[in-house]
Amino acid sequence: MIGVLVSGTGTNLQALIEAKLPVRAVASNKQSAPALARIRDLPTASFELRDFESREQRDAAMGEWLLAQGVEVVVLAGYMHILTPGFLALFPQRVLNVHPSLLPGFPGAHAVADQLAAGVREAGATVHVVDEGVDSGPILLQERVPVLPGDTEDSLHARIKEVEHRLLPLAVEEFLCAR
Ligand code: GRF
């Protein structure tokens with residue numbers, strides 16, 4: 001059973017659901033995340049940092065909620081906060097992330113802009129297992145995406161997301177089958 005964490009628009013969440021993967025619950029750090037509004041028939045919850053005394057306590061509450069929903073594997077689909085070691089310990093080696101670059105190149109929250117600024121000819125998408133670093137951890141699948149003349153952050157990100165929507169469900173499916 002999969003729990004998905006989201007902060008943004010949720011197109012990768014949608015791709016996981018359309019691929020008929022066993023998504024059981026969706027949580028966010030932002031109550032207003034458009035991704036949550038996509039969900040009609042699954043348990044959802046938001047865990048805003050301001051409602052907790054610390055990030056550790058927020059992540060503990062979110063992790064306990066996911067466990068209570070029967071979640072075994074957590075997928076970060078555009079989740080923009082770093083998870084605490086305490087959260088990762090609840091799902092050891094069972095948290096996956098999708099990132100819009102060819103990791104280990106261009107980690108962090110501004111990967112698309114950083115790739116454009118660096119003038120790379122090839123950007124990419126990566127799905128990896130999450131460890132305690134920032135966008136580090138063992139890589140499961142990776143695919144190159146061309147950077148075209150005149151690309152903006154939006155146009156390049158849209159091209160990367162098309163790949164992510166294929167790569168993320170595939171990586172999750174393979175990960176579940178291998179368990
Ligand atoms: C994706 O590009 C993902 O790689 C990054 O955040 C974006 C999320 O997009 N971590 P969406 O919310 O799935 O549309």
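Data for the structure
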| item | result |
| --- | --- |
| Cα pair count fraction exceeding 27 Å, expressed as % - the chain | 23 percent |
| Relative contact order (percent, whole number), the stretch 2-178, Cα cutoff 8 Å, 6+ residue spacing | 20 percent |
| Under Karplus coefficients 6.51, -1.76 and 1.60, residue-wise ³J(HN,Hα) of the stretch 39-47 in Hz, glycine/proline x | 8, 10, 10, 9, x, 10, 7, 10, 10 |
| Full-extension gain in nm, residue 148 to residue 120, via 0.36 nm per residue minus C-alpha separation | 9.1 nm |
| For the stretch 139-179: span of alpha carbons on each principal axis (Å, largest first) | 43, 13, 11 |
| Positive-end extreme of charge dipole, the stretch 1-142 - chosen from 65, 97, 36 (charges on Cβ) | 36 |
| Solvent-accessible surface ranking, highest first, for 91, 52 at 1.4 angstrom | 52, 91 |
| DSSP bridge pairs, the stretch 2-178: antiparallel proportion in percent, nearest 5 | 40 percent |
| Carbon + sulfur, % of accessible area of the stretch 2-178 - ligands and nucleic acids excluded, 1.4 Å | 53 percent |
| Inter-part distance where the stretch 12-36 and the stretch 119-169 are each reduced to a Cα centre, Å | 19 Å |
| For the chain, accessible area per residue (1.4 Å probe, heavy atoms of protein chains only), Å² | 49 Å² |
| Whole-Hz ³J(HN,Hα) from phi, Karplus 6.51 cos²θ - 1.76 cosθ + 1.60, for the stretch 164-179, glycine and proline x | 4, 5, 8, 5, 5, x, 5, 5, 5, 4, 4, 5, 5, 5, 6, 6 |
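The values are calculated or read from the model by the stated rules, or taken from the named source; none is laboratory data. Quantities reported herein were computed from a predicted structural model and do not represent experimental measurements. Counting neighbours? That spans all protein chains shown, and the Cβs are built from the backbone with ideal geometry, glycine included. Calculation scope for accessible area: heavy atoms of the full protein, side chains included, ligands and nucleic acids excluded. Shrake-Rupley method; radii C 1.70, N 1.55, O 1.52, S 1.80 Å.
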